[in-house]
1. Please indicate, with yes or no, whether at least one residue in segment 211-219 is farther than 30 Å from CYS108 by Cβ and surrounded by fewer than 17 Cβ atoms within 10 Å (Cβ to Cβ).
2. Quick one: how many residues across segment 177-206 are charged (D, E, K, R) and either surrounded by 14 or more Cβ atoms within 10 Å (Cβ to Cβ) or within 19 Å of ILE231 (Cβ to Cβ) (or both)?
3. Inside segment 122-180, can you point out the residues that are among the charged types (D, E, K, R) and touching a helix residue (DSSP H, G or I) at 6+ places or on another chain (Cβ under 6 Å)?
4. Looking at segment 176-189, which of the residues that are assigned to a helix (DSSP H, G or I) and without any contact (Cβ under 8 Å) to a residue 40 or more places away in the chain is farthest from PHE248 (Cα to Cα)?
5. For segment 67-83, check the following and say yes or no: at least one residue is part of a loop (DSSP other than H, G, I, E, B), of a type in the set (Val, Ile, Thr), at pLDDT 90 or above and over 20 Å from the mean Cα position of the chain (by Cα).
6. So, of the residues in segment 102-149 that are part of a loop (DSSP other than H, G, I, E, B) and over 25 Å from VAL209 (Cα atoms), which turns out to be modelled with the lowest pLDDT?
7. Which of the helices (runs of 4 or more DSSP H) contained wholly in segment 190-275 include at least 3 residues that are acidic (Asp, Glu)?
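The values are calculated or read from the model by the stated rules, or taken from the named source; none is laboratory data. Computed from a predicted structure; not experimentally measured. Cβ placement follows ideal geometry from the backbone for every residue including glycine, while neighbour counts extend to all protein chains displayed.
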Amino acid sequence: MNREGNKRKLEEMFSENVDEGNDEQSEKRIRLLSVDAPPALNSPLLPSADMAVLFGKHPDCSSCSNDPLPEVQTNVLSTSEVIDELECIICRETFLKPYTLQCSHTFCKKCINTWMKVRKSCPTCRKLLTRQPVYNMTLDKILRLVLKKMKFQEQEDMDRRRLELEKEEADALQRFITTVKSAKERGVVFLNISNPWNDNERLLFKTGVERYEGTARKLYCELTNFSLDFIKNATTEQLEVGCKNLGFLIPKVIGSNPTTDFNLIRMILTDFLST
């Protein structure tokens with residue numbers, strides 16, 4: 001179709017007075033628009049590149065070039081760089097079951113538990129710790145995803161460390177269960193978290209609870225009736241006694257007439273139990 005024919009068709013299309021009720025003619029116009037007009041055309045006869053194409057004239061493309069595109073600079077870290085940032089400063093290895101302190105610093109579970117047996121401050125910032133470290137599930141999931149992209153040797157090393165930790169915890173749990181069974185057979189009476197403990201009893205509990213981890217530690221606490229049920233159902237007096245038995249100061253609500261903050265006591269006891 002030549003240029004004059006195209007022009008005549010457009011002039012007829014846009015000057016034609018069509019009755020609004022004539023559906024057939026309206027559909028014909030729509031079809032004509034969709035075939036002959038470019039998709040980007042929003043109004044008739046604009047002096048644009050799109051309209052020039054419709055009239056058979058192609059604009060010169062002076063902006064195009066055969067030069068290669070410039071290299072795009074990104075701030076995306078490589079897998080090895082990410083792993084370097086996920087290193088425990090105590091053992092200098094990638095986090096194995098990461099636990100985070102109240103100051104937001106993170107360490108391997110075994111590393112920080114061993115550290116806190118002799119020190120009550122953060123290994124990084126030296127801030128005094130008043131709460132137990134918390135398992136960082138989100139970070140652990142990220143670690144597992146990153147490790148899938150690492151070399152086979154590094155994945156194998158992490159798997160070996162994880163299996164060793166699981167075996168240590170399983171062996172400790174079995175030894176603990178055997179010890180408890182033997183003690184019950186001998187009629188040993190265990191401490192009760194609801195009763196005030198003297199200094200020797202507090203030291204005994206502290207020494208024992210620091211010896212165990214995971215399930216064994218939880219079972220050790222339950223021998224003294226220290227459980228989530230106790231925290232939930234204990235009287236205010238029992239909560240204060242339990243807090244003192246574990247060596248924590250009684251938190252107070254600041255004001256003209258300071259009162260004991262029992263909600264905070266429950267939070268402290270829950271943190272201690274869930275470590």
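1. First, pick out the residues of segment 211-219 that are farther than 30 Å from CYS108 by Cβ: none.
No: zero hits.
2. Initial filter on segment 177-206 (charged (D, E, K, R)): 181, 184-186, 199, 201-202, 206.
Still in the list and also either surrounded by 14 or more Cβ atoms within 10 Å (Cβ to Cβ) or within 19 Å of ILE231 (Cβ to Cβ) (or both): 201-202, 206.
Of the residues in that region, 3 qualify.
3. If we filter segment 122-180 for residues that are among the charged types (D, E, K, R), which is where we start, we get 126-127, 131, 140-141, 144, 148-149, 151, 154, 156-157, 159-162, 164, 166-169, 171, 175.
Answer for segment 122-180, where residues must be among the charged types (D, E, K, R) and touching a helix residue (DSSP H, G or I) at 6+ places or on another chain (Cβ under 6 Å): ARG131, LYS149, GLU169.
4. The initial filter retains those residues of segment 176-189 that are assigned to a helix (DSSP H, G or I), namely 176-185.
From what's left, without any contact (Cβ under 8 Å) to a residue 40 or more places away in the chain: 178-179, 181-185.
Numbers: THR178: 31, THR179: 28, LYS181: 30, SER182: 31, ALA183: 28, LYS184: 29, GLU185: 33 Å.
For segment 176-189, the residue satisfying everything is GLU185.
5. Just the residues of segment 67-83 that are part of a loop (DSSP other than H, G, I, E, B), to begin with: 67-78.
Restricting the remaining residues to those that are of a type in the set (Val, Ile, Thr) gives 72, 74, 76.
Checking the rest, the ones that are also at pLDDT 90 or above come to none.
Checked segment 67-83: no residue is part of a loop (DSSP other than H, G, I, E, B), of a type in the set (Val, Ile, Thr), at pLDDT 90 or above and over 20 Å from the mean Cα position of the chain (by Cα).
6. In the first step, residues of segment 102-149 are kept if they are part of a loop (DSSP other than H, G, I, E, B); the result is 102-105, 117-120, 122-127, 129-133, 136, 148-149.
So of that shortlist, the ones also over 25 Å from VAL209 (Cα atoms) come out as 125, 148-149.
Numbers: CYS125: 94, LYS148: 80, LYS149: 76.
Among them, the one singled out is LYS149.
7. Numbers: elements: 199-211, 214-222, 228-233, 236-245, 262-274.
Once the helices (runs of 4 or more DSSP H) in segment 190-275 are filtered for at least 3 residues that are acidic (Asp, Glu), what remains is 199-211.
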